[in-house]
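See structure below.
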Amino acid sequence: MYSYERDRVMPERIWHPISKLEFFIDHTRRWAVDVREHVETLAEARTKPHVLADSDVARIKRVYTEQAGDLRLFEEQAEKWGRLPDLSPSRRQKLETLNTQLAELRERNEQVLALADELAKGTIDTVMAASDEELGLAALLSQRPDV
(Lines give C-alpha, C1' and ligand atoms only; values in the text may rest on other atoms or scores of the structure.)
Protein backbone atom coordinates (compact mmCIF):
# COMPACT_ATOMS: atom_id res chain seq x y z
CA MET A 1 0.00 0.00 0.00
CA TYR A 2 1.31 3.43 -0.94
CA SER A 3 2.02 5.84 1.90
CA TYR A 4 1.59 9.45 0.85
CA GLU A 5 2.91 10.72 4.19
CA ARG A 6 6.12 8.71 3.90
CA ASP A 7 7.01 10.25 0.53
CA ARG A 8 5.83 13.79 1.26
CA VAL A 9 8.72 16.22 1.29
CA MET A 10 8.33 18.71 4.09
CA PRO A 11 9.41 22.22 3.19
CA GLU A 12 11.64 24.18 5.50
CA ARG A 13 9.62 25.76 8.31
CA ILE A 14 8.90 29.44 7.70
CA TRP A 15 8.04 31.65 10.66
CA HIS A 16 5.87 34.63 9.85
CA PRO A 17 6.02 38.08 11.40
CA ILE A 18 3.16 39.23 13.62
CA SER A 19 2.14 41.58 10.80
CA LYS A 20 0.68 38.45 9.08
CA LEU A 21 -1.79 37.86 11.92
CA GLU A 22 -4.75 39.33 9.97
CA PHE A 23 -3.95 37.04 7.03
CA PHE A 24 -4.00 33.99 9.33
CA ILE A 25 -7.32 35.07 10.85
CA ASP A 26 -8.93 35.56 7.42
CA HIS A 27 -7.49 32.32 6.08
CA THR A 28 -8.64 30.22 9.04
CA ARG A 29 -12.10 31.83 8.91
CA ARG A 30 -12.53 30.71 5.28
CA TRP A 31 -10.97 27.33 6.07
CA ALA A 32 -13.47 26.79 8.91
CA VAL A 33 -16.41 27.49 6.57
CA ASP A 34 -15.15 24.83 4.15
CA VAL A 35 -14.61 22.26 6.89
CA ARG A 36 -18.06 22.94 8.40
CA GLU A 37 -19.61 22.30 4.97
CA HIS A 38 -17.68 19.03 4.65
CA VAL A 39 -18.85 17.91 8.09
CA GLU A 40 -22.46 18.59 7.07
CA THR A 41 -22.06 16.77 3.75
CA LEU A 42 -20.48 13.72 5.38
CA ALA A 43 -23.11 13.71 8.12
CA GLU A 44 -25.78 13.60 5.40
CA ALA A 45 -23.92 10.71 3.75
CA ARG A 46 -24.41 8.65 6.93
CA THR A 47 -27.96 7.89 5.75
CA LYS A 48 -26.66 6.70 2.37
CA PRO A 49 -23.00 5.74 2.78
CA HIS A 50 -23.14 3.55 -0.33
CA VAL A 51 -22.85 6.70 -2.47
CA LEU A 52 -19.16 6.87 -1.56
CA ALA A 53 -16.46 4.61 -2.97
CA ASP A 54 -13.44 3.38 -1.06
CA SER A 55 -11.34 5.82 -3.09
CA ASP A 56 -13.56 8.75 -1.98
CA VAL A 57 -13.13 7.85 1.68
CA ALA A 58 -9.39 7.30 1.23
CA ARG A 59 -9.07 10.74 -0.39
CA ILE A 60 -11.02 12.39 2.43
CA LYS A 61 -8.78 10.73 5.00
CA ARG A 62 -5.62 11.71 3.13
CA VAL A 63 -6.68 15.35 2.68
CA TYR A 64 -7.85 15.82 6.26
CA THR A 65 -4.82 14.05 7.71
CA GLU A 66 -2.66 16.42 5.68
CA GLN A 67 -4.76 19.38 6.84
CA ALA A 68 -4.26 18.30 10.45
CA GLY A 69 -0.53 18.70 9.84
CA ASP A 70 -1.08 22.13 8.30
CA LEU A 71 -3.26 23.05 11.23
CA ARG A 72 -0.43 22.11 13.59
CA LEU A 73 1.83 24.56 11.73
CA PHE A 74 -0.74 27.32 12.25
CA GLU A 75 -1.01 26.43 15.94
CA GLU A 76 2.77 26.54 16.33
CA GLN A 77 2.86 29.95 14.65
CA ALA A 78 0.16 31.25 16.99
CA GLU A 79 2.09 29.86 20.00
CA LYS A 80 5.23 31.63 18.82
CA TRP A 81 3.35 34.93 18.46
CA GLY A 82 1.80 34.42 21.89
CA ARG A 83 5.26 34.40 23.45
CA LEU A 84 6.12 37.83 22.04
CA PRO A 85 6.64 40.12 25.04
CA ASP A 86 5.51 43.36 23.42
CA LEU A 87 2.15 42.43 21.88
CA SER A 88 -0.38 45.22 21.98
CA PRO A 89 -3.76 44.52 23.60
CA SER A 90 -5.33 44.69 20.13
CA ARG A 91 -2.98 42.04 18.76
CA ARG A 92 -3.47 39.86 21.84
CA GLN A 93 -7.22 40.00 21.20
CA LYS A 94 -6.72 39.10 17.54
CA LEU A 95 -4.42 36.26 18.54
CA GLU A 96 -7.16 34.98 20.85
CA THR A 97 -9.56 35.08 17.88
CA LEU A 98 -7.08 33.06 15.84
CA ASN A 99 -6.64 30.52 18.64
CA THR A 100 -10.41 30.12 18.93
CA GLN A 101 -10.71 29.52 15.20
CA LEU A 102 -7.84 27.04 15.28
CA ALA A 103 -9.50 25.11 18.12
CA GLU A 104 -12.73 24.92 16.11
CA LEU A 105 -10.79 23.77 13.05
CA ARG A 106 -9.07 21.05 15.07
CA GLU A 107 -12.43 19.80 16.35
CA ARG A 108 -14.06 19.88 12.91
CA ASN A 109 -11.06 18.17 11.31
CA GLU A 110 -11.37 15.35 13.84
CA GLN A 111 -15.11 15.13 13.09
CA VAL A 112 -14.42 14.72 9.37
CA LEU A 113 -11.88 11.97 10.02
CA ALA A 114 -14.27 10.17 12.41
CA LEU A 115 -17.10 10.40 9.88
CA ALA A 116 -14.80 9.09 7.14
CA ASP A 117 -13.90 6.11 9.34
CA GLU A 118 -17.59 5.42 9.93
CA LEU A 119 -18.50 5.81 6.25
CA ALA A 120 -15.65 3.52 5.20
CA LYS A 121 -17.67 0.59 6.57
CA GLY A 122 -20.51 1.07 4.07
CA THR A 123 -19.00 2.26 0.81
CA ILE A 124 -20.35 1.09 -2.52
CA ASP A 125 -17.28 -1.15 -2.77
CA THR A 126 -18.24 -2.84 0.51
CA VAL A 127 -21.85 -3.25 -0.61
CA MET A 128 -20.80 -4.68 -3.98
CA ALA A 129 -18.43 -7.16 -2.29
CA ALA A 130 -21.15 -8.44 0.05
CA SER A 131 -23.00 -11.62 -0.80
CA ASP A 132 -26.73 -11.61 -1.46
CA GLU A 133 -27.24 -13.33 1.89
CA GLU A 134 -25.23 -10.67 3.74
CA LEU A 135 -27.14 -7.88 1.99
CA GLY A 136 -30.48 -9.52 2.72
CA LEU A 137 -29.65 -10.04 6.38
CA ALA A 138 -28.37 -6.49 6.70
CA ALA A 139 -31.58 -5.18 5.11
CA LEU A 140 -33.74 -7.23 7.48
CA LEU A 141 -31.75 -5.99 10.48
CA SER A 142 -31.60 -2.43 9.15
CA GLN A 143 -27.83 -2.56 9.22
CA ARG A 144 -25.03 -1.93 6.79
CA PRO A 145 -23.25 -4.95 5.39
CA ASP A 146 -19.80 -5.49 6.83
CA VAL A 147 -17.48 -7.54 4.69
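Listed residues LEU52, LEU84, LEU95, LEU113; which is open to solvent by 20 Å² or more (accessible area, probe 1.4 Å) and in contact with a Gly (Cβ under 9 Å, 6 or more places away or on another chain)?
On the way: LEU84 fails: in contact with a Gly (Cβ under 9 Å, 6 or more places away or on another chain); LEU95 fails: open to solvent by 20 Å² or more (accessible area, probe 1.4 Å); LEU113 fails: in contact with a Gly (Cβ under 9 Å, 6 or more places away or on another chain).
Answer to the check: LEU52.
For region 67-79, the criterion of being among the polar types (S, T, N, Q), more than 13 Å from ALA32 (Cα to Cα) and in contact with an Asp or Glu (Cβ under 7 Å, 6 or more places away or on another chain) is met by none of the residues. State which residue is modelled with the lowest pLDDT when the search covers only region 34-49 and only residues that are over 30 Å from ARG91 (Cα atoms) and either open to solvent by 60 Å² or more (accessible area, probe 1.4 Å) or touching a Cys at 6+ places or on another chain (Cβ under 8 Å) (or both). Taking the candidates together, the pick is LYS48.
SER131 falls short of the stated requirement of being over 22 Å from the mean Cα position of the chain (by Cα), modelled with pLDDT under 95, polar (S, T, N, Q) and open to solvent by 80 Å² or more (accessible area, probe 1.4 Å).
How many residues does region 43-91 hold that are hydrophobic (A, V, I, L, M, F, W, C), closer than 18 Å to TRP31 by Cα and in contact (Cβ under 8 Å) with a residue 40 or more places away in the chain? Spell out the reasoning first.
We begin by selecting, within region 43-91, every residue hydrophobic (A, V, I, L, M, F, W, C); these are 43, 45, 51-53, 57-58, 60, 63, 68, 71, 73-74, 78, 81, 84, 87.
Narrowing further to those that are closer than 18 Å to TRP31 by Cα: 60, 63, 68, 71, 73-74, 78.
Now restrict to residues that are in contact (Cβ under 8 Å) with a residue 40 or more places away in the chain: 60, 68, 73-74, 78.
Looking only at that region, the number is 5.
The set of residues from region 11-33 being at pLDDT 95 or above and either of a type outside the set (A, V, I, L, M, F, W, C) or over 19 Å from GLU76 (Cβ atoms) (or both) comprises HIS16, PRO17, SER19, LYS20, GLU22, ASP26, HIS27, THR28, ARG29, ARG30, VAL33. In region 92-115, the residues that are in contact (Cβ under 8 Å) with a residue 60 or more places away in the chain reach residues that are assigned to a helix (DSSP H, G or I) and of a type in the set (Asp, Glu) with C-beta atoms within less than 7 angstrom, at least six apart or across chains, in these pairs: LEU102/GLU75. Residues in region 61-81 that are open to solvent by 30 Å² or more (accessible area, probe 1.4 Å) and closer than 26 Å to ALA45 by Cβ: LYS61, ARG62, VAL63, THR65, GLU66, GLN67, GLY69, ASP70.
The values are calculated or read from the model by the stated rules, or taken from the named source; none is laboratory data. The structure presented is a predicted model; accordingly, all values stated were derived computationally and were not measured. Heads up, the Cβs are rebuilt from the backbone with ideal geometry, glycines too, and the neighbour counts pull from every protein chain shown. The accessibility values were calculated without ligands, DNA or RNA, using every heavy atom of the protein model including side chains. Shrake-Rupley method; radii C 1.70, N 1.55, O 1.52, S 1.80 Å.
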